[in-house]
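Accompanying notes for the structure given below.
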Amino acid sequence: MSKITPTSKNSAPTAKPNQNADALDASTSPITPAKIDWQIDDTGNRVPVSGEFDDVYFSHADGLAESRHVFLSHNQLPERLAKLKPMQCFTVAELGLGTGLNLLATWQLWRQLRERHPHLATARLHFITTEKFPIPLADLTQILNLWGRRAPELTDLIEQLLAAYPPLIAGSHRLNFFDDNLTVDMWFGDAANSFAKLTSDTALKTNPHVDAWYLDGFAPSCNSTLWAENIFAHMQRLSRPNTTAATYSCAGVVKRALKAHGFQIKKVKGFGRKREMLTAIMTAVDNEETLKNNGASNGTSSNASNNTNSNDNANKDTASLEFLNNKVLDNKVFNDTDITGDKPIHTAIIGAGVSGLSTAWALANRGIKVTLLDKSAPLAGASGNPRALLAPKMTPIHHVDEHLHTIGYLFSSRLYRKINDKARQQKTAPVLEPTGALDLLMKANIGTEQIADYPDDMATTLPLEQAQNTSGLQSQDLSDNLYLPQSGLVNPQALKNIILTHPLIHFQQLDAHDISETGSQVCITGSSHHTKSLSITADNVVICAAFESHQLDSRIFDCRKIRGQLSWFTPSEAQLAHLPKIPLKYGGYCTLFTEAADHIGSIHALNHQPQFLLGASFIRNDTDTELRNEEHQVSREKLVSAIPEMASIIPADTRQWQGRAGIRTQTPDYHPIVGPLVDSKRLWVISAMGAKGYALAPICAEALADMMLGSFAPLSAAMLARLSPSRKRLQTPLTP
Ligand SMILES: Cc1cc2nc3c(=O)[nH]c(=O)nc-3n(C[C@H](O)[C@H](O)[C@H](O)COP(=O)(O)OP(=O)(O)OC[C@H]3O[C@@H](n4cnc5c(N)ncnc54)[C@H](O)[C@@H]3O)c2cc1C
Ligand SMILES: C[S@@+](CC[C@H](N)C(=O)[O-])C[C@H]1O[C@@H](n2cnc3c(N)ncnc32)[C@H](O)[C@@H]1O
C-alpha cells in the first residue's frame, strides 16, 4: 500500500504540487499510463490513488455517493435528462475520466430514467471525457470490480465498460452502447489539446454544445493543468446559455476562472468532509460579454449569440437564478436545446456498400428513419467480398492521435465485436472473427522499433518461435513482424444481415439517376427492376455510391478507380495442413475462411469447407468486374514470392479458382470524402474508402451522423477539414 496520506481532493488541499507530474504535462503522445497506488478509505475499502499526483480519484467517504452529489445532482441531471424530447441529445463533458466512476453513475441514472420514462426511448446521452494518464485495463478491472461488489447496480455497466475500454493510444475513442442510447467519447491526451479539437462551429443551424460539465481534476494544488486558463476558455467556447458546471472544488482560482468565462457561480453544500462545492451556469449576457472581453472571435461568440435573442436572454437569466437556487428547472428553460422543430427524421442513402450500411446504422441508432437504396443489391459493389481483413495502415505513434486509419480501425473493431453480441442473440453468423493478423512487414511503413512504442493490445512484435507457431510457417524469416491482436476477418454478409434487421432501416432497390434539393426536402428519381421511374423524398440524402458518386452530383470529386480481384480455392486436406493458420499481410494478404451456407453475391461457396483466399490485384482506371485468370496468377505470384514455402502448396493451375472483382475509389490525397456538399443543406457524401473500407467507413459514418444532427464528432476539426468534400486538394481534377 502507498505511503501517501494527504487526500486533498476531499480534504483541505494540503498536498504539495508534484513537480514530476507537472513535467509530464509537456509530452502529448505516446500516452503515459496512470500509476495506481492503493489506500484504505474511511469505511475500510481498498481505493486507488494516483501515484503521480499524490491525490485520490474519488472521495474516501464514498466515491459513488460523491459523484452523484457533486456532478449529477448539482448539474440537475435527474430533472434535465427526464425532460429531454424524443431524439434530443444531451452532452456531458468531463475533465478527468480516471476510474470512470462518474461515467458509470451517469450511465446508471440514464438507464433508470429511460426505464421510467418511455418518451426517452429515442433521446441520447453523449458523454465526452478526457484523460491524459489513462488507467491500464488490468488496474481498472481491479478498481471497478471492487466497485461492482460495493454497488451491484453497476455490475453490468462495469462489464460493458471494461469490454469496450480502448488501448492506451492518444486521440479519440468512441464507445457506443446501443441498448442504452449512450455514446462515450474518450479523448486520451491533454484535456486542453483534446477540447481544442472539438469543433463547435459548423455550417449547421444546430451547433454542437456541451450541456453539463464535470470539473473533476485532481485538486488544483496537486495538478494545475485541469484548472488552467485555456481549459476555461474552451469550456466557454463549447458552452452556451444554460450550460451548467459542477465541481467539488471551491478554490479561488476555480471561482474566478468560471466567473471570468461567462458562468454565474454558487457555493453549495459539499460532499462528506468538504464543507462547500461549486455549481455554475452560463448566462447569455455574461457569456457574450466575456467572450468579447476574452477576444474570442473565431466564430465561437456567434455560437452563443446566434442561438439567443434578447427575450430569451431575460428568461434564461431568471432560469439561471432558479438553477443556482436549486429549484427544479422549468421545462421551457431547456427547450433551447430542443431540435424537434426542424429535426430531420428521414434520410435516404444511395449505395449499400460498407459506407452506406455504416451510415444507415449510425443514423438509425440516433432515431432517424433510413431508406437505403442500391441500384442492384446490398454489397453489390466493392464491399461484397466473402471476407474483408480488418487491419490498419500503421503510423509512428507520435502521429497516432490524428491518424484516421488507427482511430477507424480501433472503432471498427469495437463496433463489429459489439454487433457480434447481436448476432449471438439472433443466432446468426458473427460479423467479426477475431483471428488477429500477422504482418510480415514487407511493404509496411513502420518497423519493429516503432511497433515497440505501441501498447501490446494494439500492436506488437511476436517472438520468433511464437510467430512461427501462430502462423504455421516453417521456413520464413519471421524475426520482424507486426502482430495485430484486435484484427480479424469481417463477414460482410453477416454485417449486412444485422444492419438490415434494424427496425428503422428499409432497403429498396433503386438505380438513382437524379437528385434535386428544395428548401425543405430532397427528391431522388431513378428506376427499379419493376418500375421505370420512381421518386423518393427525404429530409437528407447521403451519397455513398463510391466511384459513381460524382455522376449523381458534380460537386463530388471524380475519384481514381482501381480494379481489384480477390481469389480463393478449396484446398485439399494435405494443402490445408501447410497453409498459414492466421491472416497474413505481405503486400497482398491471404487467409483461410469457412463459409457457412450463406450466399456470396451470386457465388455459392461450398458449405463449411475451408477456403483459402488471397489477393488482391490493383489495376488503375479499369472498372470492368469480369473475373480474370491472369489476376488469380498475379495474386498467387505475389504470395509465393513473399513466402517461397507456399510455392509447393498453392496449386499453379488457377483456372478453377473462384474470385470476385470490385472497384476501389481513391482520392489523390488518399483521404476519404466525408461531409456536406458545398452550398447544400441536405446533401452529404461518404466515399473514397480506398482499400480499407471496413476500417474507415464506420468511423466516417459516425462523424457524418454527428455533423448532420449537430453533435460533437469523434474526429478533430482538423481531421474533418482533411475529409471535407470541398477541400482544396479536390479542386483540381485528376489527370488521366
Ligand atoms: C479486391 C478487393 C479487396 C478488398 N479487400 C479489403 C479488405 O480486406 N479490407 C478492407 O477494409 N477493404 C478492402 N477492400 C476495400 C473495400 O472493399 C472498399 O473500401 C469498400 O468496399 C468501399 O465501400 P463503399 O460502400 O464506399 O463502396 P461500394 O461497396 O462499392 O458500394 C457502392 C454501392 O453504390 C451502389 N451505387 C452506385 N451508383 C448507384 C446509383 N446510381 N444508384 C444506386 N446505387 C448505386 C453500387 O451498386 C454499390 O453497391 C477491398 C477492395 C477490393 C476491390
Ligand atoms: C480526480 S481524477 C478523476 C476521477 C474520475 N472522474 C473518476 O470518476 O474516477 C482526475 C483525473 O484527471 C486526469 N488528468 C490530470 N491532468 C490531466 C490533463 N492535463 N488532461 C486530462 N486529464 C488529466 C488524471 O490522470 C485523473 O485521472
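The values are calculated or read from the model by the stated rules, or taken from the named source; none is laboratory data. Not measured: the values here are computed from a predicted model. Because the Cβ atoms are built from the backbone with ideal geometry, glycine has one as well, and the counts that use them run over all protein chains shown.
When residues in the range 680-693 are screened for being more than 23 Å from the chain's Cα centre (by Cα) and either free of Cβ contacts under 8 Å to residues at least 60 places away in the same chain or crowded, with 21+ Cβ neighbours inside 10 Å (or both), 1 of them pass. The set of residues from the range 543-575 being touching a strand residue (DSSP E or B) at 6+ places or on another chain (Cβ under 6 Å) and aliphatic (A, V, I, L, M) comprises Ile543, Ala545, Ala546, Leu552, Ile556, Ile562, Leu566.
Taking only the range 80-115 into account, find how many residues are more than 11 Å from ligand 2 (Cβ to nearest atom) and over 20 Å from Ala192 (Cβ atoms).
Qualifying residue count, the range 80-115: 20.
Restrict the check to the range 263-276 and report whether at least one residue is part of a helix (DSSP H, G or I) and modelled with pLDDT of 95 or more. Break it down into steps so the answer makes sense when it comes.
Taking the range 263-276 first, the residues part of a helix (DSSP H, G or I) are none.
No, the range 263-276 contains no residue that is part of a helix (DSSP H, G or I) and modelled with pLDDT of 95 or more.
Which one is surrounded by the most Cβ atoms within 10 Å (Cβ to Cβ) among residues in the range 131-189 that are of a type in the set (Ser, Thr, Tyr) and more than 21 Å from Asp37 (Cα to Cα)? Break it down stepwise before answering.
Filtering the range 131-189 for residues of a type in the set (Ser, Thr, Tyr) gives 141, 155, 165, 172, 183.
This time we only want the ones that are more than 21 Å from Asp37 (Cα to Cα), so: 155, 172, 183.
On the way: Thr155: 14, Ser172: 28, Thr183: 24.
Per the stated criteria, the residue is Ser172.
Restricting the first member to the range 516-538 and to residues that are farther than 14 Å from Lys681 by Cβ, and the second to residues that are assigned to a loop (DSSP other than H, G, I, E, B) and hydrophobic (A, V, I, L, M, F, W, C), the beta-carbon pairs closer than 8 Å and six or more apart or on different chains are Ile524/Leu510; Gly526/Leu510; Ser527/Leu510; Ser528/Leu510; Leu534/Leu510; Ile536/Leu510. Taken over the range 452-477, the residue count meeting the criterion of being touching a residue at least 40 places away in the same chain (Cβ under 8 Å) and more than 21 Å from Arg414 (Cα to Cα) is 8. For the range 678-727, residues that are touching a Ser or Thr at 6+ places or on another chain (Cβ under 8 Å), away from ligand 1 (no atom under 16 Å from the Cβ) and over 30 Å from Glu94 (Cα atoms) total 1. Within the range 147-172, the set of residues being over 18 Å from Thr106 (Cβ atoms) and of a type in the set (Ser, Thr, Tyr) comprises just one member, Ser172. Can you tell me which residue in the range 41-68 is nearest to the chain's Cα centre (by Cα), limited to those that are within 26 Å of Trp110 (Cα to Cα) and among the polar types (S, T, N, Q)? Among residues in the range 41-68 that are within 26 Å of Trp110 (Cα to Cα) and among the polar types (S, T, N, Q), the one nearest to the chain's Cα centre (by Cα) is Ser67. Among the candidates Leu627, Leu639, Leu614, the residue that is assigned by TED's automatic domain parsing to the domain that holds Ser567, touching a residue at least 40 places away in the same chain (Cβ under 8 Å), touching a Gly at 6+ places or on another chain (Cβ under 8 Å) and farther than 14 Å from Gly587 by Cβ is uniquely Leu627. Count of the range 508-527 residues, restricted to those that are more than 10 Å from ligand 1 (Cβ to nearest atom) and in a loop (DSSP other than H, G, I, E, B), is 4. Filter the range 122-152 for residues that are free of Cβ contacts under 8 Å to residues at least 60 places away in the same chain and hydrophobic (A, V, I, L, M, F, W, C); which is farthest from ligand 1 (Cβ to nearest atom)? Step by step, filter the range 122-152, then rank; the result is Leu144. Would you please name the residue that is surrounded by the fewest Cβ atoms within 10 Å (Cβ to Cβ), looking only at residues in the range 715-733 that are of a type outside the set (S, T, N, Q) and under 26 Å from Ala538 (Cα atoms)? Among residues in the range 715-733 that are of a type outside the set (S, T, N, Q) and under 26 Å from Ala538 (Cα atoms), the one surrounded by the fewest Cβ atoms within 10 Å (Cβ to Cβ) is Leu720. One residue alone among Ser567, Ser527, Ser535, Ser549 is in contact with a Ser or Thr (Cβ under 9 Å, 6 or more places away or on another chain), closer than 20 Å to Ala697 by Cβ and of a type in the set (Ser, Thr, Tyr), and that residue is Ser549.
Just one of the numbered conditions (1) within 24 Å of Glu276 (Cα to Cα); (2) touching a strand residue (DSSP E or B) at 6+ places or on another chain (Cβ under 6 Å) is not true of Gly51: (1). Evaluate the range 209-229: report whether one residue or more is assigned by TED's automatic domain parsing to the domain that holds Ala191 and on the phi > 0 side of the Ramachandran plot. No, because not a single residue in the range 209-229 is assigned by TED's automatic domain parsing to the domain that holds Ala191 and on the phi > 0 side of the Ramachandran plot. Determine, yes or no, whether Ala574 is away from ligand 1 (no atom under 14 Å from the Cβ) and at pLDDT below 95. No: the conditions fail for Ala574. Would it be correct to say that Ala697 is buried (at least 17 other Cβ atoms within 10 Å of the Cβ), part of a helix (DSSP H, G or I) and more than 16 Å from ligand 2 (Cβ to nearest atom)? Answer is yes for this residue. Only one of the listed residues (Ile619, Ile673) is β-branched (Val, Ile, Thr) and either outside the structural domain of Ile543 (by TED's automatic domain parsing) or within 16 Å of ligand 2 (Cβ to nearest atom) (or both). That residue is Ile619. For the residues Leu144, Leu168, the requirement of being part of a helix (DSSP H, G or I) and within 15 Å of ligand 2 (Cβ to nearest atom) singles out Leu144.
One line per residue, one yes/no per condition, for (1) more than 29 Å from Ser471 (Cβ to Cβ); (2) among the aromatic types (Phe, Trp, Tyr); (3) crowded, with 17+ Cβ neighbours inside 10 Å; (4) without any contact (Cβ under 8 Å) to a residue 60 or more places away in the chain:
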position: Lys369; (1), (2), (3), (4): yes, no, yes, no
position: Ser383; (1), (2), (3), (4): no, no, yes, no
position: Leu389; (1), (2), (3), (4): no, no, yes, no
position: Pro392; (1), (2), (3), (4): no, no, yes, no
position: Arg414; (1), (2), (3), (4): no, no, yes, no
position: Gln425; (1), (2), (3), (4): yes, no, no, yes
position: Leu432; (1), (2), (3), (4): no, no, yes, yes
position: Asp439; (1), (2), (3), (4): no, no, yes, no
position: Glu449; (1), (2), (3), (4): no, no, no, yes
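With respect to the stated conditions, Arg620 fails to be buried (at least 17 other Cβ atoms within 10 Å of the Cβ), closer than 21 Å to Ile663 by Cα and at pLDDT 95 or above.
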